[in-house]
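Contents: one structure, followed by commentary.
The values are calculated or read from the model by the stated rules, or taken from the named source; none is laboratory data. Note that the structure is a prediction, hence the values are computed from the model and not measured. Please note: Cβ atoms are built from the backbone with ideal geometry, for glycine as well, and neighbour counts cover all protein chains shown. Please note that ligands, DNA and RNA were not included when accessible areas were found on the heavy atoms of the full protein model with its side chains. Shrake-Rupley method; radii C 1.70, N 1.55, O 1.52, S 1.80 Å.
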Amino acid sequence: MLFDAHVHIFGRGSWEEDALIAAASRAGVDRIVVSCLGLRTYLANPGLGETEAANRCVRGFVRRHAGFAWGLAYVNPRHGRKGLDALKRDLDAPRIVGVKLWVSCLASDRRVFPVVEEAIARGVPVVQHAWLKTDGSQLAGESTPRDVAELARLYPEATVLMPHLAGNQARGLYEIADFPNVHLDTSGSDPEAGVIEEACRRVGAGRVVFGSDAPGRSFASQIAKVVGSRIGARAKAGILGGNLERLLRGLL
Amino acid sequence: MIIDAFALVGHWPLRPLRDERSPLRWMDRAGIDRALVLPLDAVFRFDALATSEEAVRLTRRSGGRLLPVYPVNPALPGWKERLDRAVRRALPAALALFPSYHLYGLDGPWADELLAEASRLTLPVHLALRLEDPRKQHPLFRARDVSMESALALARRHPDTSLVLLGASAGTRRTARRSSPGNVYVEISGMETLDPPAAAAKAFGIERVLFGTRGPFFAPESARLKLECSTLDARKKRLILFENARRLYRALS
């Protein structure tokens, strides 16, 4: 089972949906979890109408690809009560299995807390973007692993999925290692050798799930990071699909 | 048959690399038959060519599977004489430039002098556009990407020299699509999106795309899987896997 935790989609007509499905198929991907961060481009601080439109797009996609795709509800915590109400409606929809947080505010921002509390109440994971950039391009509301660790510390009962393993570098592993409620996805960044092995050493293979960051990244390239890693077969199988299935048990 | 145009050997102090002493182990695991090896240590040495001696020793022990690429810093005085001596001792498969690490621009005289010399030696030149994602570089060891525009301009000034772009990515492909001269080649290690080999072929022409892994920096399986999952037909895949390299590098024949 090859289960991709991290795929991006866009509004119909503004991207090649068929090309993504075909590429996933060629790469042997069996299931995907998708989010939409904006109909045409990623929106760092979307308005309420924009997140609603994005999530409608996700609902339509998972409906069209039932049995293959599940979705996350993108939320901007800056919208407060109204955003939370919209999130609740999104999470009521079929095949929406978690919450997506991107860069409108840091994971440790108090405005995120009601969102996380809602996710806990529903037993769904929070996918909290993080990246550790050294070139000055870190966005104002872009979390680092330290921010995610703070959120995990405050909410030990939350299931947090922190994407972009290689983008968060070795330091990211140290930041979240002591928080067993934080899981990692392998999505994005170059297919660096050794990254998977280090993650398994620091946090354990059971906390790592495969993600691609397609269509910006190649399914094949990202799968190869795991397939080419020097870990055991059982650990690989877990990362490629078993661990995510377990995280989403009861939601699929 | 798979020929890797972009394999690395040597040390990278910023993170541990697997099999850093010889690429043959990871090549075997990834099913790669032959590779052009570039010494990583050249990045840290102003006299980059000095690092080729170890690469030559390594290639001599490889039963013909490894071919050396000689890194040159053309901003260092006397490089031509040293290169001439090195080439007389052992002919490389290609020369290589790391302008971001040796701190010169492609619009200055040095890269032009090197390409002119490469033309005289009838050797291709590998130009490193990028080794590492700039977002992840050590803050005290930063190297800017070499722009595709400057690389293509260099290629146009030297139509008799084949220029192989190392580390080209999606953004650079967009530029290349507009105006890539016929002596420019690209390897696929840094290419992403849904079908990287097909996109590279569209931007540069199928006969100018090379198989490259950037191993052991990158998982070499990545380049293989990109090709296996590509929509390109078997003939085009063969061109990328080895036929283009055979045509480009006389050292392979």
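Comparison of B:115, B:66 shows that the only residue that is within 26 Å of residue B:217 (Cα to Cα) and in contact with a strand residue (DSSP E or B) (Cβ under 9 Å, 6 or more places away or on another chain) is B:66. For segment B:196-226, a tally of residues being over 17 Å from residue A:190 (Cβ atoms) and either modelled with pLDDT of 95 or more or not charged (D, E, K, R) (or both) returns 10. Scanning segment A:117-136 for residues that are under 16 Å from the mean Cα position of the chain (by Cα) and either among the aromatic types (Phe, Trp, Tyr) or open to solvent by 60 Å² or more (accessible area, probe 1.4 Å) (or both) turns up just one, A:131.
Test residue B:85 against the stated conditions and say whether it is open to solvent by 30 Å² or more (accessible area, probe 1.4 Å), of a type in the set (Lys, Arg) and modelled with pLDDT of 95 or more. Yes, satisfied. Candidates in segment B:203-215 are the residues that are open to solvent by 10 Å² or more (accessible area, probe 1.4 Å) and under 23 Å from residue B:38 (Cα atoms); of these, the one that is nearest to the other protein chains (Cβ to nearest Cβ) is B:208.
On the stretch given as segment B:99-147, residues that are within 14 Å of another protein chain (Cβ to nearest Cβ) and either among the hydroxyl-bearing types (Ser, Thr, Tyr) or not in a loop (DSSP other than H, G, I, E, B) (or both) total 4. Taking segment A:137-252 and the helices (runs of 4 or more DSSP H) fully enclosed by it, the elements with 1 or more residues that are open to solvent by 10 Å² or more (accessible area, probe 1.4 Å) and more than 14 Å from chain B (Cβ to nearest Cβ) are at A:145-154, A:169-176, A:195-203, A:233-237, A:243-247.
Do we find that residue B:200 is within 30 Å of residue B:25 (Cβ to Cβ), more than 8 Å from every other protein chain (Cβ to nearest Cβ) and part of a helix (DSSP H, G or I) in this structure?
When the stated conditions are applied, residue B:200 passes them.
Using the structure shown, decide if residue A:175 is under 23 Å from residue A:144 (Cα atoms), acidic (Asp, Glu) and touching a Pro at 6+ places or on another chain (Cβ under 6 Å). Answer is yes for this residue.
Scanning segment B:216-253 for residues that are more than 14 Å from chain A (Cβ to nearest Cβ), outside any helix (DSSP H, G or I) and touching a Phe, Trp or Tyr at 6+ places or on another chain (Cβ under 6 Å) yields nothing. Among the residues of segment B:218-246, those that are surrounded by fewer than 24 Cβ atoms within 10 Å (Cβ to Cβ) and free of Cβ contacts under 8 Å to residues at least 12 places away in the same chain comprise B:228, B:233, B:234, B:235, B:238, B:243. Among all positions in segment B:168-175, there is at least one residue which is hydroxyl-bearing (Ser, Thr, Tyr), open to solvent by 10 Å² or more (accessible area, probe 1.4 Å), more than 17 Å from residue B:126 (Cα to Cα) and away from chain A (no Cβ under 14 Å).
Checking every residue in segment A:20-30 against the condition of being open to solvent by less than 30 Å² (accessible area, probe 1.4 Å), closer than 20 Å to residue A:91 by Cβ and either out of contact with any Phe, Trp or Tyr (no Cβ under 6 Å at 6 or more places or on another chain) or not aromatic (Phe, Trp, Tyr) (or both) gives zero matches. Of all residue pairs spaced 6 or more apart or on separate chains, none has beta-carbon atoms under 9 Å together with a first member in segment A:19-35 that is at pLDDT below 95 and a second member that is assigned to a strand (DSSP E or B). Name every residue in segment A:87-116 that is crowded, with 20+ Cβ neighbours inside 10 Å and assigned to a helix (DSSP H, G or I), in order of residue number. Listed by number, the residues that qualify are A:87, A:90, A:91, A:112, A:115, A:116. Looking at segment A:62-79, is at least one residue open to solvent by 20 Å² or more (accessible area, probe 1.4 Å), assigned to a loop (DSSP other than H, G, I, E, B) and touching a helix residue (DSSP H, G or I) at 6+ places or on another chain (Cβ under 9 Å)? Yes: one or more hits.
Here's the yes/no breakdown for (1) surrounded by fewer than 23 Cβ atoms within 10 Å (Cβ to Cβ); (2) in contact with a Leu (Cβ under 8 Å, 6 or more places away or on another chain); (3) on the phi < 0 side of the Ramachandran plot; (4) modelled with pLDDT under 95:
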| site | (1), (2), (3), (4) |
| --- | --- |
| B:125 | no, yes, yes, no |
| B:141 | yes, yes, yes, yes |
| B:156 | yes, no, yes, no |
| B:166 | no, yes, yes, no |
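Filtering segment B:1-47 to residues that are aromatic (Phe, Trp, Tyr) and either open to solvent by 10 Å² or more (accessible area, probe 1.4 Å) or within 12 Å of chain A (Cβ to nearest Cβ) (or both) leaves B:12, B:26, B:44, B:46. Under the condition of being in a loop (DSSP other than H, G, I, E, B), in contact with a Cys (Cβ under 7 Å, 6 or more places away or on another chain) and within 14 Å of another protein chain (Cβ to nearest Cβ), the residues counted in segment A:1-53 number 3. Only one of the numbered conditions (1) among the hydrophobic types (A, V, I, L, M, F, W, C); (2) under 23 Å from residue A:38 (Cβ atoms); (3) in contact (Cβ under 8 Å) with a residue 40 or more places away in the chain is violated by residue A:151, and that is (2).
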